Amino acid sequence: MEALTWTGSLSLLNTVVLWLSAAFALVVLAQIVLSFFAPEPTLRANPDGSVAARGGAYGASERATRWLFLALVALALVYLAAGAILPEGSGGIIGAVSRRLLPVWISLVVLFAVSMRFKRRLGLYGKLFDSTIGMIGFAIVMFWVFTAIYADLIVTRDVLTQVSQMKNKLPGTPLPDGSGWYLLGGDHLGRDVFSRMIAGSQIVIIIAPFATVFAFMVGITLGLPAGYYGGKLDTGLSFLANLILAFPVILFFYLLVTPEIVETGMPQYLAVVLFLFPIVFLMVLVNSRFYVTPGLRNQLIAAIAIVGGYFYLSFVGEAGTRVAILPPSLDLIHMPANMLIVFVSVVFVNSPTVFRIVRGIVLDIKTRDYVAAGQTRGERPWYIMIWEILPNARGPLIVDFCLRIGYTTILLGTLGFFGLGLSPESPDWGSTINAGRKLMTVAQHPAIVPAFALMSLVLGLNLLADGLREESLKD
Amino acid sequence: MLKFLVRRLATMVLTALCLTLIVFYLTNLPPNLEKLAKSEAGSRISDAEVASWLEKNGHASPLLVRYGEWLGVVPGWTHEDGGVTTGRCIERGQDPATARRYCGVLQGDWGFSSVFKDNVSSIIATRLGLTGLLMFWVMAVMVPVSLLIGVLAGMREGSKLDRSLSTFSIATTATPEYVSGVILIAAFATSMGWKVFKGTATSAMDEITFENFFLPVMTIALYGIGYIARMTRASMTEVMTAQYIRTARLKGVSFRNVVIRHALRNALIAPFTVIMLQFPWLLNGVVITETLFNYKGFGWTLVSAAGNNDIQLLLGCSVVAVFVVLVTQLISDIGYVFLNPRIRIS
């Protein structure tokens, strides 16, 4: 079998793309330079009834940018679509990768079509589709989410299988037994870089949002009373939060995420405390809402206690470790010790910041009239905090949630980069970057591929947060 | 003002004490001490021998006492064994009677590194010097570039320049150091890209050249640039919509003069705090970048101390790190009060 080139039989298009990109860069530059001299935009009504927005060189550059950008996007789509349709191998590496990602493309198209169709009925989520930046960010994020979901369909090889002839081979090299290609090359042990990158997305997409949700639960449960009551409680909690924030993150990871600490059971004790917060939060949430109907409230609280309690004990405890509460036959969720410690330390690092944000918002909102009205009606403090203040703080919190998932992704990568926590065999992006960077002079792709994957996900989350911020400010 | 300063300093000292106690606790956990004993006295010693080694070297006393000894507020331990007295403050060959009673961080005695076989204070001093150089160049690149980007972007909100620069800032904040470092090395220091710089900064420890220092400096600076630029942009757009800017425009002041004379000074107050608070972040970046480029400065020392269970050195590094973070927080608070006349502290 022959080695694949990047674009295969579509390489005719390459020169077109090259010229278009050059022209696009030139036009954008021209537009920026011209914008310093451009007159203010004036809407001019022509005698024939038409309206011209902006003419001259600046207007021309503006139009040129738009059309060139659209042309480039269309060409990129041609590459991807043709690659998915053409028989395997003739679309080059890009085509073959696009073919593997077919389920992701279909899901993305369906999701966007449905969301665009019903965007007026979908609240803030629907408004996201009014902002270009937000849509781009959302598309990138959903791309990785779908990739993680379909990872088992997409991978071409087992992530741990080593083929010794494929060590540090370039992208598109065929396997010696002719059963296919290493689409994005082989790493220093002869494993498939493409499959490892895809499998790595699963780890990030599972841990990062969950850890962020937990951090938010902790931050909200502590930040609401700190901001609302103030006084000694606030002073104490703020001191604790500042204490954790003053701790350099890397030092913290190095101290907490070591085999010695796992031995002492410390991460599990931390998990015992941190994982309690979601249950407490849900209970307070239900209690404050249904306080007036004790029957319903008691049923709901009992349900939360049983279901939440089971998950709690099952997550935290593990047979044979220091915290083993459930008998092994009942303990169905097995969290490996090194995964748990990564999770716990990421939650621990993130929660003080969330606490500070929530506290700040509560300090602002509690001076509003509707809070005073609630107090006058005799509503209880927790009802006001959770059902009056929290919903009004949702805008900044949702935006921060997106940003924080990105930050958590960076933290997970940092842990992997220093070889802390996850096993060195693990395909997560941080560990693969760490393994690849040591041989940068020999082969670059094993480090570059996961690096770009991580960057694109974080960029997508940041763009999404930007779009959401813009749209929620319009409310 | 004085009362504010005193309160701020008291909180700072309390925070520093708490943090060093936590670090001390985490580095002196029983498994770490056991590992230390095995690496110092031989890896095949029995549990009883480990216990006696710990006893002999003053690691057996309660945690708070050991912390006090390390800090220098509790007299150092002494141990008598067959007429020979050893102790924390007694150097080899010294007469126990002439030794000091207290020897801790407060007395300037930072301990002895078990891996580098040198005094912790002298190791940290050399390493900090190297990192200081790196930080200086990072600041020299990062601050002007990010302020310029922020001001240009915030000057006309929504313009093409604003969009392009904002996209650039978002992209750099989305790129952590280990990603941008790897991409920069691949692009500028390997055969894959354009081979103009060096992919390692080891030679920069002796002599800094543009060739060996550009990539590490850019790696750290890039991540900060986006963040500071976004803050500057936000503050600039806020100032540009203020009443006095409109008044100046209506008076007939040219746009250029409005930006330079009226807007800039007020717009730069917020970024000052952000830049100062970036120091803890830079510390992160320094650790990653020094590891990536093999530049043996403070960050590299921290990583190797943590990786090799070098307890004294790790404690020393943590003290420095915590100190840097707290002092920058203090400076940013005080500086903000001085720069912003609207804030009064009585």
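What to note about this one:
- Counting only DSSP H runs of at least 4 residues, each contributing -39500 (n - 2.57), and dividing by the residue count of the protein assembly as shown, the helix-based mean residue ellipticity at 222 nm comes to -22500 deg cm²/dmol.
- Karplus 3J(HN,Hα) series, Hz, for the range B:245-261 with 6.51 cos²θ - 1.76 cosθ + 1.60 (x for Gly, Pro): 6, 4, 4, 4, 4, 5, 5, x, 5, 5, 4, 4, 5, 4, 5, 6, 7
- The lysines within cross-link reach of B:Lys35, meaning a Cα-to-Cα straight distance under 16 Å and a gap of 8 or more places when in the same chain, are B:Lys56.
- Within chain B, longest stretch free of exposed GluC sites (Glu not before Pro) [DSSP loop, at most 16 other beta carbons within 10 Å]: B:208-346
- Nonlocal amide H pairs with B:Gly87, under 5 Å, H built at 1.01 Å: B:His79
- Checked against a 22 Å cut-off, the cross-linked pairs B:Lys38/B:Lys296; A:Lys167/A:Lys438; A:Lys169/A:Lys438 give Cα-Cα distances beyond that limit for B:Lys38/B:Lys296.
- Interchain or long-range residues, amide H under 5 Å from A:Trp181's placed H: A:Leu175
- Least to most buried among B:Cys18, A:Cys402 (fewest other Cβ within 10 Å first): B:Cys18, A:Cys402
- Shielding by partners, peptide A:428-434 (average Cβ within 10 angstrom, other chains): 2
- Rounded to whole numbers, the Karplus 3J(HN,Hα) couplings from phi for the range A:208-223 are 4, x, 4, 4, 5, 4, 4, 4, 5, 4, 4, x, 5, 4, 8, x Hz, using 6.51 cos²θ - 1.76 cosθ + 1.60 with θ = phi - 60°, and x at Gly and Pro.
- Estimated vicinal HN-Hα couplings, Hz - the range A:79-89 in sequence order (Karplus 6.51, -1.76, 1.60; Gly, Pro = x): 3, 5, 5, 4, x, 6, 8, 4, x, 4, x
- By the rule of a C-alpha distance below 19 Å, with chain neighbours fewer than 8 residues away ignored, the aspartates and glutamates paired with A:Lys366 are A:Asp234, A:Glu379, A:Glu388.
- Among the trypsin sites (Lys or Arg not before Pro) within the range B:239-346, those in coil by DSSP and having at most 13 neighbouring Cβ atoms inside 10 Å are B:Arg342, B:Arg344.
- Taking the number of Cβ atoms within 10 Å of each Cβ as an exposure proxy, the fewest-first ranking of B:Ile183, A:Ile85, B:Ile220 is A:Ile85, B:Ile183, B:Ile220.
- Lysines whose Cα lies under 22 Å from that of B:Lys160, excluding same-chain neighbours fewer than 8 positions away: A:Lys474
- Three-way shape label, the protein assembly as shown, alpha-carbon gyration tensor, a/c 1.5: rounded
- Shown for A:Tyr254, B:Tyr67, B:Tyr178: other C-beta atoms within 10 Å of each C-beta, ranked fewest to most, produce the order B:Tyr67, A:Tyr254, B:Tyr178.
Only the coordinates and a few stated rules stand behind these numbers; no lab work does. Since we're looking at a predicted model, the values are computed, not measured. In this analysis, Cβ positions are derived from the backbone assuming ideal geometry, glycine residues included, and neighbour counts consider all displayed protein chains.
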